[in-house]
Each structure stands twice: as C-alpha cells, then as structure tokens.
Amino acid sequence: MIVAERALVEAIESTLFIYPAVPGLLQELGIPGLRGRITKISHPLANLCGDARFSEHEADALVEKVRQRYGDHAFGWVTGPSTRPADLPKRLETAGLARADSIAGLALTDLDAPIPVNPQAQVREITWQDAIARSEMMARAYGLPTEVMRLFNEMLAAMSPRIKARAYIADLGDDSPAAWSYLVYLPDSPTVLLGGAGTLEEHRGKGLYTALVARRVADARADGRTAAIIQADRRTSAPIAAKLGFHELCGLEFFASSGG
C-alpha cells in the first residue's frame, strides 16, 4: 500500500504522543485542541505536549493554561507544520519557553531498499522486562536521566497489549550492548515508527545506529508494513537516516520550560 505524504506528515506529528494513559505512570493533559501527557517526573520529554489546534484569539490564554496545568514540572512543547496558529512558536517564546532543539521528520517508503550494515554490528530483540532492566545503559546512550528512560520503557511495556511495539539492543559482537532502539506499529496503518535510538558515546561512528535501522525496517517489511517514519535530531541521526534513503517531509521545533 502506498502511503500518501500527508498521512506520513500527520504520523510524524502525532506519534510523539502515541503513549496512551497508564494509571500511575501517565495521564493525558486534558486540554482541548492539544495533545499532551503528564507524568510524575519533572522533565521536558516526560511531560510533552504539541500538535496544537488553537484559534488566534484563544492561543495565549491556552498557553498559560498549559503552564498552569504542568505547574512546577518541567515540560516540552513541539510545534510542526500543522500547528495552529502559525505564529505559536513565537508566542511560546514570549511566554518564556526556550527553543531547545530542531527535529527532522523523515520517511522511508521503499522498505526493500538495501541498507549496508557493518558486519560486526549485532542486533537482537529484547523483552520489555529486559529493556526496563537496561534503562541505565539506554539513558546514557540517549543523554537522559535514568528515571526518564525507565519511565518510557515502563510506558511502552504497559501499552503493548494495545499498541504493538518492540525493543532492540545492538553490540559489536562482544555481547556488551552499546545501542538501543524501538519499533512501534501505528494502529490501523501500514506505517511504523522507528522510535528512540541511542548509542553510547564511546561506540558512536561504528554503524550501530545504521544496523538498528536496517533490522527494524526488515522486521516491519516482514510484517507487511510499507512505510517507516523517524523524528530525528538534525545534528546526529537525521544525516544518517538521509544517507539510508529517508526523505525529509517536515520540520519540528522543540521548546522547553523548566517549570515553576
């Protein structure tokens, strides 16, 4: 099945908020016209909102409502091509949020395209219980506090009965995991999300990220999926994904508030 570009862009924007509510771990933000989550951890990725659909006259009041909803918790806000009003990024900065990162939304629509892999790179799928146990390594690889990484692993484990997701680790043939990634199957869609992915600093540049992309694409293809999307850091993974055949479809901007 050929996936329309518009559908891929919508998936890139919406899958940042694919985690469903999980009692004790995550609850929905609960503000109309905005996707978002609240957790117990004060961190901009743990508490994330975006994909706003506000009218111009209500936007500033709703931005303030979001700030009050998060209270003392640090939180993040993502804007993209569908964000309304179009000047919301400027309004967020005026409200005190800092522009923290630029993200490329990329897609691969030919899952049969060959991806050359370092033959030393070994990738294996792990259980969610194993992923939770490896949260410290995964956090170091991604540059997150361990408690935030553990939270994401626990949320994915909890949502697995409703949304299919898989976890992977990679090494250089020495059984010492040095990288990790997720694969999330979008419900009722031919598209998968290549989520997460991080490599320990001392093992970067050795093809582990590429090996993880190749394995996830192969698994998605074997399961009948026809397209893959990535939300990639422009400084690190986006250039690699582009070399592997992914095409940029949109840009996302990440804003952060320290809370309080």
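The figures follow:
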{"quantity": "Dipole magnitude (debye, nearest 20) for the chain, charges at Cβ of Lys, Arg, Asp, Glu", "calculated": "120"}
{"quantity": "Label-to-label distance, nm, for residues given as THR236 and ARG140 (7 Å Cα→Cβ offset)", "calculated": "1.5"}
{"quantity": "Size descriptor, Kirkwood hydrodynamic radius, that averages inverse alpha-carbon separations across region 83-153, Å", "calculated": "16.6"}
{"quantity": "C-alpha center-to-center spacing [region 192-213, region 66-117] in angstrom", "calculated": "21"}
{"quantity": "Value at 222 nm in deg cm²/dmol, rounded to 500, when DSSP H runs of n ≥ 4 in the chain each add -39,500 (n - 2.57)", "calculated": "-9000 deg cm²/dmol"}
{"quantity": "Nearest-ten-degree value, helix 5-14 long axis tilted from longest Cα axis of the chain", "calculated": "70"}
{"quantity": "Set LYS164/LYS206; LYS40/LYS164; LYS206/LYS243; LYS65/LYS90 screened for pairs whose C-alpha atoms are more than 27 Å apart", "calculated": "LYS164/LYS206"}
{"quantity": "Proximal charge balance of ARG53 [Cβ under 10 Å; K/R count +1, D/E count -1]", "calculated": "+1"}
{"quantity": "Cα convex hull of the chain - mean projected area over all directions, nm²", "calculated": "13.2"}
{"quantity": "Fraction of beta bridges assigned by DSSP in region 5-102 that are antiparallel (%, nearest 5)", "calculated": "55"}
{"quantity": "Environment charge of ASP223, counting only residues whose C-beta is closer than 12 Å and scoring Lys/Arg +1, Asp/Glu -1", "calculated": "+4"}
{"quantity": "Label zone at THR127 (point 7 Å along Cα-to-Cβ), backbone N below 17 Å, region 150-175", "calculated": "153-161, 165-169"}
{"quantity": "Amide N of region 204-229 lying under 18 Å from the label point, which is placed 7 angstrom from the Cα of ALA113 along Cα→Cβ", "calculated": "209-222, 225-229"}
{"quantity": "Cα gyration tensor category, rounded, prolate or oblate, for region 5-102 with a/c compared to 1.5", "calculated": "oblate"}
{"quantity": "Share antiparallel - DSSP beta bridges, the chain, percent rounded to 5", "calculated": "85"}
{"quantity": "Neighbourhood charge, 11 Å Cβ-Cβ cut-off, centred on LEU186 and excluding it, Lys, Arg +1 and Asp, Glu -1", "calculated": "0"}
{"quantity": "Average projected area [Cα convex hull, region 141-204], square nanometres", "calculated": "5.2"}
{"quantity": "Residue range of the chain that is longest and free of GluC sites (Glu not before Pro) which are both DSSP loop and sparsely packed (at most 16 other C-beta within 10 Å)", "calculated": "59-260"}
{"quantity": "Restricting region 213-260 to trypsin sites (Lys or Arg not before Pro) in coil, as DSSP defines it, with at most 16 other Cβ within 10 Å", "calculated": "ARG234, ARG235"}
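Read-outs: derived from the displayed coordinates by stated rules, not from any lab. Please read all numbers here as calculations on a predicted model, not as lab measurements. Cβ atoms come from the backbone with ideal geometry, glycine included; neighbour counts cover every protein chain shown.
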